[in-house]
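Input: a single structure, listed below in C-alpha cells.
The values are calculated or read from the model by the stated rules, or taken from the named source; none is laboratory data. The model shown is predicted, which means the values in this text are computed figures rather than measured ones. Please note: Cβ atoms are built from the backbone with ideal geometry, for glycine as well, and neighbour counts cover all protein chains shown. The area values use the complete protein model at the heavy-atom level, side chains included, leaving out ligands, DNA and RNA. Shrake-Rupley method; radii C 1.70, N 1.55, O 1.52, S 1.80 Å.
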Amino acid sequence: MFSIKQTTVYFKKISRIAIREKAWKFVIFAVIIAALVASIVGEDMFTAYESTKSGFFTIASACIWIGIFNSIQSVCKEHDIIRSEYRQGMKLTSYVLANVSWQFLLCLLQSCVVFGVCMIFIDFNTEGIITSAYVEYFVTIFLLTFGSAVMGIMLSSVAGNPTAAMTLMPFVLILQLIMSGVLFELSGLSEKVAYITFSKWGMSAFGSIADLNNARYPMKISAVYPMVERLEEEACYDCVAGNLYTAWGWCIGLLLCCIVLSVLSLKIKNRDS
Amino acid sequence: MRNEERTVFYTPQENRERSAALIVLDTRDEPAVIPLQGNMTLGRISDKSACDICVYSKITGRRHGEFICDGMAGEYYYIDNHSMNGTYVNGSKLPPYDERGSVAHKLREGDILRIDKSRLEDPHPESVLMIFTYSYVKGSRWMSYVVNDSSDIRIGRDRNNTIILDDMMVSRMHAVIRQSNQQWQVEDMQSQNGIRVNGREVCGCQALCNHDVLLIGNTLMILWSHTILYNHFREQEGKLSVAIKKKTVNFGRKTLLKNIYFEAESTDFVLILGGSGAGKTTLINAILGEKKADGEILLDGQDLYKNFKSMKTKIGLVPQFLNLRLSDKVRETLMDVAEIKLHRRDYSKEDKIQRVRETMERVGVQNLSEHLISQLSGGQKKKVSVAAQLIGFQKVFICDEPDSGLDAASRRQQMEILKEIADNGKIVMVISHEPDDAIDRLTGESLFTKVLVIAKSANDQCGHMAFYGDVDGAKQFFGVGRLQDIMLEINPAYEGGKGRADYYIEKYKDKINRRGRKQI
C-alpha cells in the first residue's frame, strides 16, 4: 500500500522535474501577490475592525490561491503516466505523498516570502496567544497555503485532465471565499459547509491572533450603509488558545482528508474494470 | 441458429501439445509424477480393480474419480465417482458426479486435489495429495528437507539460506517458515514475486498445515509430515491463453468483441491486424486486464483476472502515445523504473545501474542517457518507452503501434528490437499498420511469427476473429501477397476496403470447425 522507498523515488523525481520546469516561478508569483495584497490592505490593518478583518480575508484568499495554483495541474497532467506506472508496481499512496512532500517544501518557502513581504507593509501585533504572534501568523499562513496545495492535489486527482482541473478551480476558490464568513453571514447548511473550508479556519486563526473582538479596534461605519454596525462579538475571533488550536486542527484534518481522497480517487481511476 | 450463437471451437494450435501431469503424494516416500494422457481413472491399488492412476491409500475408493480430457481444447476435467471420502479441490469438497455431468471440475494450473477426511488441517495418515500441472519439467528431481522444530527455515536464492533455490523468480531472501505457538507459519519477506499457499497469495504471514502446498517462484514446496518436499517444477517459459467470449460496454447493451480464442508462447512475435473500430484496443485492454472481458486470460496457467494484483506486472504495455515525463533525462527515467520494479532486497544499487545500462544498450539509447526526453525524436522516445518496460519481469509485451510516426528505417529498427525481445523468451504482441516493413534484413522474411486478424462484422457490428496463424498461412488465407493487403480485404467499402470481413470470419470459423472434426 505504501512504500517509503517509492515515496523517496517519486519525491526526487517530482522535485527534479519541478526545478527543471522553473518552479521558482511559483515563489516569484507568491512574492508579487503578497506585495500587491499587503501594500493595498497593510496601511489600514489594525486601525479599525472592518479594515483589519478585510485585510486578513485578503491575505487568507491570497494564500489559498497560491496553494491551489501550485498543485492544480500536478496530478491530472500525469494520469496516463500514473496508469502505466501503476501497472508496473507504483504505489499510489507513495505517489501522492511524494507530491504532498514537494508541496510542503514549496509552500514553506512561499509562506516565508509571503509573511516576509507582509511584515514590510503591515504592522502586526507582537503578542500572540500561545507564543509570539509572528510565529502564529506564519504557521497560519503556512497551513492555509499548504492545505490549499493539498486540496489542489485532490482536485487534480479527481479531474480527468488539466482543462477539467482548471475549470474546477474557480468554483472551489469562490466556495472558499464565500464560506469564509466575511463576505456574508452564514447560517443553516452553508454554516455547516463552511466547516470544510480552509478560509473559515484561516480567518478564525487570524482573527484570534489579532484579537479582533478587542474593543481597541473601533468600528468604521460606512457612509453608504450607515445602519450596518457590529452588534456582537464573533466567538471565532476570541483571543483564546482553544480557538487557535481548533482552527489549526481543522486545517490539518482537512489536509489529511484531502490526501486520503486523492489516493482514493486515483485508486478508483486506476482500478481494473 | 444465428451465426453469433454458433459454437466456435477453441483454436487448435499446430504444435499445441500441453503435457498435463499429476504430482501424486500418498503413503509412498517419494512423490510420483504421472503424465495425463487422455481419460484416466483414479483409484486405490487393489487386486479387484485396475485404475490408470493407482494410489497407496486405504481412504481412496477403488474407482474414486476420473480425469476427463477435452481433446479439442487440451483441457482436463476431474469428476468424483460418488466416493466415500470425496475429493477436495483447492480446499473445497467436490460434489459427486451425477449423470447430467454438471459437476465436472475444470482443472487449472496448480490445482490441488486431496483425498482426505473432512478436517483438512489435520490430515489422515493415508491421505492423498495431487497437484495438477501443465508445465512439469520432465526429469526434475525432488529434494527434501527434514523440519527441525526449533529453527527458522529461510528460503531464497542467497547462499546463506537454509533452502537455496536457484530460480530467478525467487528473491534472495524470499520467505521464512517458522514455528510459533506449536503452529507452523510462512512469512513473505517482501519478495518480488510473492508466495502462494494452496493456490492463494500470501499477504505477510500465514499459518501452515500439514499437506499445504507452497509455490515460490517456479518451485513447488509441500509440507509432508516432518519434511518439506520441493522441486523446481515449472518451465520458465511463458504461455498466454486468451479466451474471450465477449466484451460488452454500456451495461451489456453494446458488444465490442466476440469469440476471440488464441494462444501465444514465448518467442512468439504476434502481429495484431484490424481495421479502425474492429476492437484491437479493446482486445489489448482485455489482455492487460484493465477492462475485463467475459472470458479468461491465462498466463502460465494462472488467471489474470483472478490474480490481477500480483500478475499485472507480468504484462507490459508500450502505448501508442508515450507516457514519459518530458523534463526527465533518459537515464533518470529508467533508473526510477528500476527502483520501482526491482526490489532493494534482491538488487543492489549497482545491480540496478547495471540493468539500466544493459537495457539502454539493448534498445540502442545508451548515447542518449543524459538527454531530456523532450529532446528526443519520436523514434527515440518509443525506444525509451520499450526500455522502461524491459527493465521489469514482464513475460508479455503489448505494443500499440510502436512504429507509428517513424520513417521506414526507424520502423524496421523498432521491429527488430521487439523481435529480439521476443527471441529472448518473451511474447511480443504488436499492433501495426505497416507490417510489411518488419522484415529480416538477411532472409527478407517477415519478423512476425503469428498474425491475429480482428475484423468487424457488418452483421453485428462487433469484432470477431478472422484469422490466427503464421504469416504465410495468413497470406494464403486472404489470398494476398502482403500483410497490409489483408486490411484491404476486411475493411468496409466506406474505408476504402473490399468489405469482405464477414466472408473471412465465416471462412475462419469453417476452417476451425473442419480442423476440429478431423481431430475427432
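A Förster radius of 25 Å combined with the Cβ-Cβ distance from B:I164 to B:S348 puts the calculated FRET efficiency at roughly 0.85.
The phi-based Karplus calculation (6.51 cos²θ - 1.76 cosθ + 1.60; θ = phi - 60°) puts the 3J(HN,Hα) values of the stretch B:490-495 at 9, 5, x, 4, 6, 10 Hz, whole numbers, x for Gly and Pro. In terms of the Cα gyration tensor, with a ≥ b ≥ c the square roots of its eigenvalues, is chain A rounded because a/c is under 1.5, prolate because a/b exceeds b/c, or oblate? It comes out prolate by the Cα gyration axes. Measuring nothing but protein heavy atoms, the accessible surface of chain A at 1.4 Å probe radius is 68 percent carbon and sulfur.
For chain A, relative contact order (Cα pairs under 8 Å, six or more residues apart, normalised by length) works out to 26 percent. The simple spin-label model puts a point 7 Å past each Cα toward its Cβ; for B:H82 and B:D407 those points are separated by 7.8 nm.
Sequence-distant contacts, meaning Cα pairs under 8 Å at least 6 residues apart, place the relative contact order of the stretch B:305-453 at 27 percent. Computed from protein heavy atoms with a 1.4 Å probe, the total accessible area buried between B and A is close to 2400 Å². Contact-buried residues of the stretch B:322-358, at a threshold of 20 Å² lost accessible area versus the chain by itself: B:N323, B:R325, B:S327, B:D328, B:E332, B:D336, B:E339, B:I340, B:K341, B:R344 (1.4 Å probe; DNA, RNA and ligands ignored).
Counted over chain B, the DSSP beta bridges are approximately 80% antiparallel. Figure note: B:M465, B:M84 ranked by solvent-accessible area, largest first, 1.4 Å probe, ligands and nucleic acids not counted: B:M84, B:M465. The C-alpha atoms of the protein assembly as shown occupy a region whose extents along the principal axes are 110, 73, 55 Å, arranged from largest to smallest. In the context of the full set of protein chains, residues of the protein assembly as shown present 45 Å² of accessible surface per residue (probe radius 1.4 Å, heavy atoms only).
Note on the protein assembly as shown: antiparallel DSSP beta bridges, both residues inside, total approximately 80 percent of the bridges counted.
For the stretch B:202-214, putting each phi into the Karplus relation 6.51 cos²θ - 1.76 cosθ + 1.60 with θ = phi - 60° gives couplings of 8, 10, x, 10, 8, 5, 10, 10, 4, 6, 6, 10, 10 Hz, in residue order, rounded to whole numbers and with x for Gly and Pro. Residues whose amide H falls under 5 Å from that of B:K246, counting only those 5 or more places apart or on a different chain, are B:N259, B:D294, with hydrogens built in the peptide plane. Amide hydrogen proximity for A:T47: with H placed 1.01 Å from N in the peptide plane, the residues at 5 or more positions away or on another chain lying under 5 Å are A:T52. Output the pairs from B:K419/B:K511; B:K106/B:K341; A:K5/A:K200; A:K12/B:K383 with a Cα-Cα distance over 31 Å in this structure; if there are none, say none. In this structure, B:K106/B:K341; A:K5/A:K200 exceed 31 Å between Cα atoms. Projecting the Cα positions of A:F69, B:F477, A:L105 onto the charge dipole of the protein assembly as shown (unit charges on Cβ atoms of Lys, Arg, Asp and Glu, taken about the Cα centre) puts B:F477 furthest along the positive direction. Extending 7 Å from Cα along the Cβ direction at A:K12 and again at A:F29 yields two label points whose distance is 2.8 nm. Where only DSSP H runs of four or more residues are counted, chain B gives -6000 deg cm²/dmol as its mean residue ellipticity at 222 nm, each run worth -39500 (n - 2.57). Is the shape of chain B best called rounded, prolate or oblate, per the rule: a/c under 1.5 gives rounded, else a/b larger than b/c gives prolate, else oblate, with a ≥ b ≥ c the square roots of the Cα gyration tensor eigenvalues? Verdict is oblate for chain B. Extending 7 Å from the Cα toward the beta-carbon at both B:I45 and A:K269 defines two label points whose distance is 6.3 nm. The length gained on full extension between A:K22 and A:T163, counted as 0.36 nm times the residue separation minus their Cα-Cα distance, comes to 48.6 nm. In percent, rounded to a whole number, the relative contact order of chain B is 11, using alpha-carbon pairs under 8 Å and six or more apart. Taking a spot 7 Å from the Cα of A:K77 along the direction of its beta carbon, which residues of the stretch A:24-45 have an amide N less than 15 Å from it? Under 15 Å, as judged by backbone N against the label point of A:K77, lie A:24-27 of the stretch A:24-45. Whole-Hz Karplus values for the stretch B:319-332 come out as x, 5, 9, 5, 10, 10, 7, 5, 8, 9, 7, 4, 4, 5 Hz, taken residue by residue from phi with 6.51 cos²θ - 1.76 cosθ + 1.60 and θ = phi - 60°; glycine and proline positions read x. Amide H contacts of B:T227: B:V147, each under 5 Å away and 5 or more positions distant or on a separate chain (H built 1.01 Å from N in the peptide plane; Pro and chain starts excluded).
For the residue pairs B:K291/B:K381; B:K258/B:K309; A:K91/B:K382; B:K456/B:K509; B:K291/B:K312, the C-alpha atoms sit more than 19 angstrom apart in B:K291/B:K381; B:K258/B:K309; A:K91/B:K382. Once the chain from B:N148 to B:H433 is taken as fully extended at 0.36 nm per residue, the excess over their C-alpha distance is 96.4 nm. Of the heavy-atom accessible surface of chain B (probe 1.4 angstrom), what whole percent is carbon and sulfur? Exposed carbon and sulfur together represent 46 percent of the surface.
One decimal place: the segment B:K511-B:S276 gains 82.1 nm when fully extended, by the rule 0.36 nm per residue minus the C-alpha distance. Applying 1/(1 + (r/R0)^6) with R0 = 35 Å to the Cβ-Cβ distance of B:D485 and B:E420 gives a FRET efficiency near 0.85. The largest accessible area among B:E339, B:E358 belongs to the first residue in B:E358, B:E339, and the rest follow in falling order (1.4 Å probe, all chains). Residues of the stretch A:1-25 whose accessible area (probe 1.4 Å, heavy atoms of protein chains only) drops by at least 40 Å² once all protein chains are present, relative to their chain alone: A:K5, A:V9, A:K13, A:R16, A:I17, A:R20.
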